[in-house]
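Before we start, here is the structure in question, set down as structure tokens.
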Amino acid sequence: MIWTTILAGLIGIIYPTYFLLTYQKTNNRINRDDKFRLTDYKETIAIFWGLTTLIFLNYLITQLPPLNLYPNFTTAGIILLILVLVFSVIQYKSSNVTPDNRDIIKGKMKDIYHYLPKTRREFNWFIMLSISAGICEELIFRVFLFEFLKENAGLLIAFVLVNISFAITHVGMGKRNVIGSLILGLLFSAIYYYTENIWIAVLLHIAIDINGGILGYRMNVLEQKTT
């Protein structure tokens with residue numbers, strides 16, 4: 001139990017604190033040197049999978065907390081999965097950037113535009129980052145930390161603390177996106193709790209992140225064509 005508690009503290013307290021202490025430095029480095037954007041993608045992917053590996057190792061040793069990874073499909077879950085897939089398709093098809101809407105889209109994404117991919121290579125890595133974020137962050141926060149807190153502190157506290165920690169890790173994307181991450185995190189948690197199927201939340205998470213990368217990449221391509 002002690003190892004599980006230590007890991008929960010690492011994920012719920014130390015991990016978000018790390019982002020609070022380093023996000024300004026990271027953003028400044030990206031703004032000064034575009035090459036660091038790709039470096040940060042790779043480092044973030046490594047952190048995601050490193051923490052996920054620790055969770056699985058802890059489970060193999062302690063069997064705590066239970067990791068509900070079975071793709072349980074209830075009627076409600078199947079309907080929700082279909083809605084997520086439809087949303088993903090609509091989102092992709094509507095991700096068009098034109099000279100007419102470029103400035104509007106860029107204005108809405110001003111807090112995260114510096115972090116979005118600008119080259120084809122960055123875009124490819126961003127896809128891997130988005131997939132890693134969708135899988136790993138859901139396992140880290142919505143499965144491991146949520147189940148740990150639910151067992152030891154109660155359901156309401158689990159819902160609140162998990163998603164505050166999750167939102168803080170997105171502090172580098174601006175205050176508005178921290179709030180957005182908190183709302184999305186609560187949505188992902190609700191999906192997992194009521195469907196008992198984490199993979200629906202994973203797919204939705206991946207789709208949202210990839211769409212941001214698509215918009216950022218398309219905006220940059222359009223800017224290069226018009227300059």
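The values are calculated or read from the model by the stated rules, or taken from the named source; none is laboratory data. On a predicted model such as this, the values are computed, not experimentally measured, just so you know. As a convention, Cβ positions derive from the backbone with ideal geometry for all residues, glycine included, and neighbour counts pool all protein chains shown. Ligands, DNA and RNA are excluded from the accessible area calculation, which covers all protein heavy atoms including side chains. Shrake-Rupley method; radii C 1.70, N 1.55, O 1.52, S 1.80 Å.
Across segment 35-54, what is the total count of residues that are open to solvent by less than 80 Å² (accessible area, probe 1.4 Å) and closer than 20 Å to Ile200 by Cα?
Here the count works out to 2.
Separate question: Residues in segment 33-61 that are touching a Phe, Trp or Tyr at 6+ places or on another chain (Cβ under 7 Å), more than 28 Å from Lys118 (Cβ to Cβ) and among the hydrophobic types (A, V, I, L, M, F, W, C): how many?
2
Going through segment 11-34 one residue at a time, which ones are of a type in the set (A, V, I, L, M), under 21 Å from Cys136 (Cβ atoms) and open to solvent by less than 30 Å² (accessible area, probe 1.4 Å)?
Ile11
Let me spell it out: the conditions are (1) without any contact (Cβ under 8 Å) to a residue 60 or more places away in the chain; (2) more than 28 Å from Ala8 (Cα to Cα); (3) more than 22 Å from the chain's Cα centre (by Cα), and Lys93 meets all of them except one. Which number is the exception?
It fails just one condition, (3).
Something else now. Could you grab the pairs with beta carbons closer than 7 Å, sequence gap of 6+ or different chains, first residue in segment 105-129 and farther than 22 Å from Ile179 by Cα, second one part of a loop (DSSP other than H, G, I, E, B)?
Lys118/Asp34; Phe123/Pro117; Phe126/Pro117
Among all residue pairs at least 6 apart or on different chains, which show Cβ distances below 6 Å where the first residue, located in segment 154-178, is under 13 Å from Phe19 (Cα atoms) and the second is charged (D, E, K, R) and surrounded by fewer than 21 Cβ atoms within 10 Å (Cβ to Cβ)?
Met173/Asp111; Gly174/Asp111
Restricting to segment 170-210, what's the tally of residues that are part of a loop (DSSP other than H, G, I, E, B) and farther than 16 Å from Ile11 by Cα?
First, pick out the residues of segment 170-210 that are part of a loop (DSSP other than H, G, I, E, B): 170, 174, 196-197.
Narrowing further to those that are farther than 16 Å from Ile11 by Cα: 174, 196-197.
Summing the residues that are part of a loop (DSSP other than H, G, I, E, B) and farther than 16 Å from Ile11 by Cα in segment 170-210 gives 3.
Is at least one residue of segment 146-169 under 12 Å from the mean Cα position of the chain (by Cα), under 17 Å from Leu10 (Cβ atoms) and open to solvent by 20 Å² or more (accessible area, probe 1.4 Å)?
yes
Among the residues of segment 126-166, write down those that are more than 15 Å from Tyr194 (Cβ to Cβ) and small (Gly, Ala, Ser).
Passing the criteria: Ser130, Ser132, Ala133, Gly134, Ala153, Gly154, Ser165.
Still on this structure: Checking His205 against (1) more than 20 Å from Trp125 (Cβ to Cβ); (2) open to solvent by less than 10 Å² (accessible area, probe 1.4 Å); (3) not small (Gly, Ala, Ser), which test does it fail?
So His205 meets the others, but not (1).
Sticking with this one: Cβ contacts < 8 Å: first residue touching a residue at least 12 places away in the same chain (Cβ under 8 Å) and in a helix (DSSP H, G or I), restricted to segment 27-50; second residue of a type in the set (D, E, K, R) and loosely packed, with under 12 Cβ neighbours inside 10 Å, any location; separation 6+ or different chain. Result?
So the pair list comes out as Leu38/Arg121.
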